[in-house]
Each structure stands twice: as structure tokens, then as C-alpha cells.
Amino acid sequence: MKKSKSLRKVFRKTPGARTVVHYKKKIPAKPKCAVCRAVLKGVARANANELRRMPKTMKRPQRPFGGILCSRCSRNELKKLARKND
């Protein structure tokens, strides 16, 4: 891989005691809940190109607000909506 700002530097020691730089892909940040900022479970940690090739079922959980809110916050939001409709 070539030098680029889109790649991260990884320093490696060779058997000849030299330090060389390898360039690797950056790892995307873990997806977080929009309300409480907790790390979302069941959501893929991939860049946009990898997500495009993934099926929808692997991208996020199949529930209301899946991939946006954590299970606790989505439960609270559904309760809030149910109370509002009464």
C-alpha cells in the first residue's frame, strides 16, 4: 500500500533490528447510541465500502430504532410513544 492520510502507520521491527513503517487501513470508530453514547451491540464496525457490500441484516439489529439507539434507549422511546398515543 502507498503512503496516504487515509491509511494509518504501523511500526514494525524487522529481524535485522530495523524499524520499518507499514501502512494499514484505519479501523472505523465503534457506532454509538444517539441518546446515551453507549456502544451499540450488533452493529457492524466497518467502513462505508465494506458496509455497502454487506446484507442489511448484518449492518444493524432488526428492531425499531436498530442501529441508532441502544436497546435501553429504544425501549424508553417506545414507552414514550405508547404513552403519548393514549
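FYI, it's all coordinate maths here, none of it is from the lab. Since the structure is predicted, the reported quantities are computational estimates derived from the model, not experimental observations. All Cβ positions, glycine included, derive from the backbone under ideal geometry; neighbour counts span all protein chains shown.
Within the listed set Gly66, Gly16, Gly42, the Gaussian network model of the chain (springs between alpha-carbon atoms below 10 Å) gives the highest mean-square fluctuation for Gly16. For the residues Lys13, Lys30, Lys56, a GNM of the chain with alpha-carbon springs under 10 Å puts the largest fluctuation on Lys13.
The simple Förster model, with R0 at 25 Å and r as the Cβ-Cβ distance, assigns Val39 and Lys79 a FRET efficiency of 0.65.
Just one of (i) -0.57, -0.63, -0.89, -1.11; (ii) -0.62, -0.67, -0.87, -1.06; (iii) -0.68, -0.72, -0.90, -1.07 is log10 I(q)/I(0) by the Debye sum over Cα atoms at q = 0.14, 0.15, 0.19, 0.23 Å⁻¹ calculated from these coordinates, so which is it? Among (i) -0.57, -0.63, -0.89, -1.11; (ii) -0.62, -0.67, -0.87, -1.06; (iii) -0.68, -0.72, -0.90, -1.07, the one calculated here is (iii). Across the options Gln62, Asn49, Cys36, the greatest Cα extent toward the positive end of the charge dipole of the chain (unit charges at beta carbon of Lys, Arg, Asp, Glu) belongs to Asn49. In the chain, the longest principal axis of the Cα atoms and the axis of helix 71-85 are about 30 degrees apart.
Excluding Thr19 itself, what net charge comes from residues whose Cβ is under 12 Å from its Cβ, given Lys and Arg +1 and Asp and Glu -1? Cβ neighbours under 12 Å give a net charge of +4.
Report the residue, chosen from Arg45, Arg53, Arg18, that carries the largest GNM mean-square fluctuation when the chain is represented by alpha-carbon nodes joined by springs under 10 Å. Maximum among the listed residues: Arg18.
In this structure, the pairs whose alpha-carbon distance is over 18 Å, taken from Lys32/Lys79; Lys5/Lys25; Lys3/Lys26; Lys5/Lys41; Lys32/Lys59; Lys30/Lys59, are Lys32/Lys79; Lys5/Lys41. Using C-alpha pairs below 8 Å separated by at least 6 residues, the relative contact order for the chain is 21 percent.
Estimated purely from DSSP H runs of n ≥ 4, each contributing -39500 (n - 2.57), the mean residue ellipticity at 222 nm for the chain is -8000 deg cm²/dmol once divided by its residues.
Label positions at Thr57 and Lys13, each projected 7 Å from the Cα along the C-beta direction, are separated by 4.7 nm.
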